[in-house]
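Only one structure is covered here, and it is reproduced in the block below.
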Amino acid sequence: MPRAGVVCCLVLAALAVGSGCSSTGAGEGRPYAEVLGENVAASGGTVAGIVGGVLMASKLSYLKPEYIAGALVAYAVYDPLAPTWSIDVSAAGDERVRMDLRMKSLITGGEGEARRVFMRNAQRMVDAGGFAGYEVLRYEEGMEATRPFARRVASGEVRLVKSRQFPQL
């Protein structure tokens, strides 16, 4: 199919999806932005955005194989779906656990969340093991100078505490 035919089909598909628009219903006592957001989603606003994006990329010649290959390589290096922190957990004695956290190299935020991640994982261990709580024995944060990018690291040790009132728990 020639390029004009593809563009025509995409435009017709966007018009067909967008033809199901309903009224905004702003008089129902709900905020206008909420009603508008529902109507955009119901009328295919997402589909129209994708079609517009493809049309723009086509017009700017970004759909060439070299651009697509570059985008795939960048996606593989950055990997936005990978977890920001990797956690190594090891036993450090009787009811003591050591956690080593390493942040991935290429990030877009999350620099100040190491302690929250540490505490959340300690609480998960308490919940999973049937303990009453935990005590943080040691916690430290820092930077690890690796090549080509430095990365944040954190490590700490917690003691999992059993209940004093109910020792059998």
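The values are calculated or read from the model by the stated rules, or taken from the named source; none is laboratory data. Quick caveat: nothing in here was measured; it's all calculated off a predicted structure. Positions of Cβ are backbone-derived with ideal geometry, glycine not excepted, and every protein chain shown enters the neighbour counts.
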Test: Tyr75 is at pLDDT 80 or above and either in a helix (DSSP H, G or I) or closer than 30 Å to Leu137 by Cα (or both)
no
Reported set for region 95-144 where residues are under 17 Å from the mean Cα position of the chain (by Cα) and hydrophobic (A, V, I, L, M, F, W, C) is Met103, Leu106, Ile107, Ala114, Val117
Among the numbered criteria (1) outside any loop (DSSP other than H, G, I, E, B); (2) surrounded by fewer than 13 Cβ atoms within 10 Å (Cβ to Cβ), which one does Ser163 miss?
(1)
Just the residues that are over 15 Å from Asp100 (Cβ atoms), in contact (Cβ under 8 Å) with a residue 12 or more places away in the chain and not in a helix (DSSP H, G or I), please, taken from region 110-147.
Gly110, Glu111, Glu113, Gly130, Phe131, Ala132, Gly133, Tyr134, Glu135
Give region 148-160 a look and list any residue that's part of a strand (DSSP E or B) and within 22 Å of Gly112 (Cα to Cα), or say none.
Arg151, Arg152, Val153, Ala154, Ser155, Gly156, Glu157, Val158
Would you call Met143 touching a Phe, Trp or Tyr at 6+ places or on another chain (Cβ under 8 Å), of a type in the set (A, V, I, L, M), on the phi < 0 side of the Ramachandran plot and not assigned by TED's automatic domain parsing to the domain that holds Ala57?
no
